[in-house]
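> Would you mind keeping the following structure in view while I ask a few things?
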Amino acid sequence: MSEKVLIIGSGPAGLTAAIYAARAGLEPLMVEGFERGGQLMITTDVENYPGFPDGIMGPDLMEQIRKQAERFGTRIISSNVTEVDFSERPFRVSVGSDDYTADTVIISTGASARWLGVPGEEKLRGFGVSACATCDGFFFRDKELIVVGGGDSAMEEALFLTKFASKVTVVHRRDEFRASKIMVDRVLNHPKIEVVWDSVVEEVLGDSLVTGVSLRNRTTDEVTRMDVDGVFVAIGHDPNTEVFKGQLELDDAGYIVTPKGSTSTSVKGVYAAGDVADRVYRQAVTAAGMGCQAALDAERFLEHGA
Amino acid sequence: MGQNTVTVTDSDFASAIASDTPTLVDFWAEWCGPCKIMDAPLDELAGENEGKLTVAKLNVDENPSTMGAYSVMSIPTMIVFQNGEEKRRLIGARSKGQLKSELAEFLA
């Protein structure tokens with residue numbers, strides 16, 4: 001028998017969709033993916049999610065939303081989707097050798113951290129190169145680090161890393177940050193943080209452990225070497241849509257295309273919510289909002305076939 | 001913590017990895033989200049491969065000297081030891097399927 005609603009992904013978008021679908025009696029099945037909880041699982045304090053005046057830890061927030069989804073009967077599979085077929089209904093979603101069919105699918109697979117793609121980076125990943133300050137900051141007590149990036153997540157990582165590091169240098173390719181003002185002010189006023197503007201990392205240096213980076217100034221083209229023990233990369237995210245290529249319309253950056261104000265995709269009955277379809281806002285609360293919309297859209301489709 | 005895994009510390013680490021039976025040591029911490037993701041896959045892997053692979057957990061907060069000795073700078077890091085020697089190192093969370101294929105030679 002086909003599922004009424006199958007949800008792929010378990011960040012704020014997917015779990016909120018599950019809460020709404022479950023409360024509507026649609027008994028959603030969620031394929032949560034092995035990176036369950038999504039990007040919030042690797043963040044620390046979330047200060048901008050409504051309802052938590054003192055902030056909440058990212059993993060705790062996800063645990064609570066997950067409990068709320070389970071309370072209303074969401075069933076959860078802890079694996080990654082390996083293949084989908086949206087060419088006919090019911091849609092087919094494969095998890096390894098297990099096939100599931102569903103009348104509607106909500107995609108909320110989120111986005112993953114982007115790497116620099118420079119020499120030395122991949123070899124030294126886990127040996128001083130990291131994209132997760134909350135996981136790895138602990139290992140850099142009294143060390144000197146750089147954080148690459150200029151958005152909110154770069155600011156958050158830099159501030160978090162000051163708890164451990166003796167000095168944090170933020171390297172940014174432009175001459176101003178795109179992060180929110182409150183975060184930028186905290187970074188610029190922090191005694192342990194310095195900023196190198198207009199610069200990019202050309203290479204990560206070191207044989208078995210990171211020993212430094214070479215930086216190129218984009219305005220002068222001057223290349224300098226900086227001795228550091230760690231490189232934290234926070235230059236943005238790419239949507240997790242590999243498995244949907246050829247099945248749904250994606251834009252040039254790989255995001256699922258949805259019309260403004262809707263979660264509909266190029267296939268009727270398939271909906272997208274959260275960072276996988278949002279290149280503008282990318283917040284926990286906007287993802288949750290889109291998850292709600294997707295569940296309501298799916299419910300309406302099941303009732304009226306439209 | 002899973003029922004199929006064992007806990008190792010700085011003080012019993014050397015004896016824990018000395019066995020001829022491969023021992024996978026999972027370096028983890030309470031504050032590490034991706035480490036929590038690995039709890040279930042590692043517990044299942046241990047349960048399915050009893051006698052072939054021992055899965056041990058080492059808390060990096062409580063056991064700094066082992067962490068330093070093996071230059072662990074990112075968690076989760078999983079190192080397979082056999083007869084006291086490092087045989088394989090996996091850095092970062094992965095699915096049980098991925099673990100099984102990467103560790104196939106130890107599970108045969």
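The values are calculated or read from the model by the stated rules, or taken from the named source; none is laboratory data. Given the structure is predicted, the values throughout are model-derived calculations rather than measurements. Neighbour counts are summed over all protein chains in view; Cβ atoms, including those assigned to glycine, are modelled from backbone coordinates with ideal geometry. Heavy atoms of the whole protein, side chains included, go into the accessibility calculation; ligands, DNA and RNA do not. Shrake-Rupley method; radii C 1.70, N 1.55, O 1.52, S 1.80 Å.
> If r is the Cβ-Cβ distance from A:ASP251 to A:SER94 and R0 is 30 Å, what FRET efficiency results, to the nearest 0.05?
0.75
> Using DSSP, restrict attention to beta bridges with both residues in the stretch A:115-233 and report what percent are antiparallel, rounded to the nearest 5.
40 percent
> Now, a different point. Got a number for carbon plus sulfur as a percent of the protein assembly as shown's accessible area, 1.4 Å probe?
Percent of accessible area from carbon and sulfur atoms in the protein assembly as shown: 46.
> Further question: Using R₀ = 56 Å, calculate the FRET efficiency as 1/(1 + (r/R₀)^6) where r is the Cβ-Cβ separation of A:SER262 and A:VAL223; round to 0.05.
E between A:SER262 and A:VAL223, to the nearest 0.05, is 0.70.
> Which helices, counted as full DSSP H runs in chain A, have an axial Cα extent of no less than 15 Å and a Kyte-Doolittle average of -0.5 or above?
Counting only whole DSSP H runs, the qualifying helices are A:12-23, A:284-304.
> Mind checking which lysines have their Cα closer than 19 Å to the Cα of A:LYS4? Skip sequence neighbours fewer than 8 apart in that chain.
Within the straight-line limit of under 19 Å, A:LYS4 reaches these lysines: A:LYS268.
> Which whole-angstrom value gives the distance between the alpha carbon centres of the stretch B:6-20 and the stretch A:121-175?
Computed from Cα coordinates, the inter-centre distance equals 32 Å.
> Oh, and also: Within chain A, what is the longest stretch that has no trypsin sites (Lys or Arg not before Pro) placed in a DSSP loop and near at most 11 other beta-carbon atoms within 10 Å?
Here the longest segment lacking exposed loop sites spans A:1-140.
> Now, a different point. Among bridges DSSP assigns within the protein assembly as shown, what percent are antiparallel (round to 5)?
50 percent
> Let me ask something additional. At R0 = 25 Å, how high is the FRET efficiency between A:GLU194 and A:TRP115 if r is their beta carbon distance? Nearest 0.05 is fine.
0.60
> Please give me, ordered by residue number, the GluC sites (Glu not before Pro) of the stretch A:132-232 that lie in loop per DSSP and have at most 11 other Cβ atoms within 10 Å.
Those that pass, being in a loop and sparsely packed, are A:GLU176, A:GLU222.
> Students often forget the sequence filter, so: which lysines lie under 16 Å Cα-Cα from A:LYS192 once same-chain residues fewer than 8 apart are removed?
A:LYS143, A:LYS163, A:LYS167
> Run the reach check for B:LYS96 against lysines, Cα to Cα strictly under 22 Å, same-chain hits fewer than 8 apart removed. What comes back?
Partners found: B:LYS36, B:LYS52, B:LYS57, B:LYS87.
> For chain A, report the % of Cα-Cα distances exceeding 24 Å.
Here the long-distance tail beyond 24 Å is 55 percent of all Cα pairs in chain A.
> Spit out the partnerless Cys residues in chain A, using Cβ distances under 4.7 Å as the pairing rule.
A:CYS292
> Let me ask another. Given the C-alpha centroids of the stretch B:23-80 and the stretch A:204-226, what is the distance between them in whole angstrom?
Their Cα centres are 33 Å away from one another.
> How big is the Rg/Rh ratio for the stretch A:98-161, C-alpha atoms only, Rh by Kirkwood, two decimals?
Computed over Cα atoms, the ratio is 1.16.
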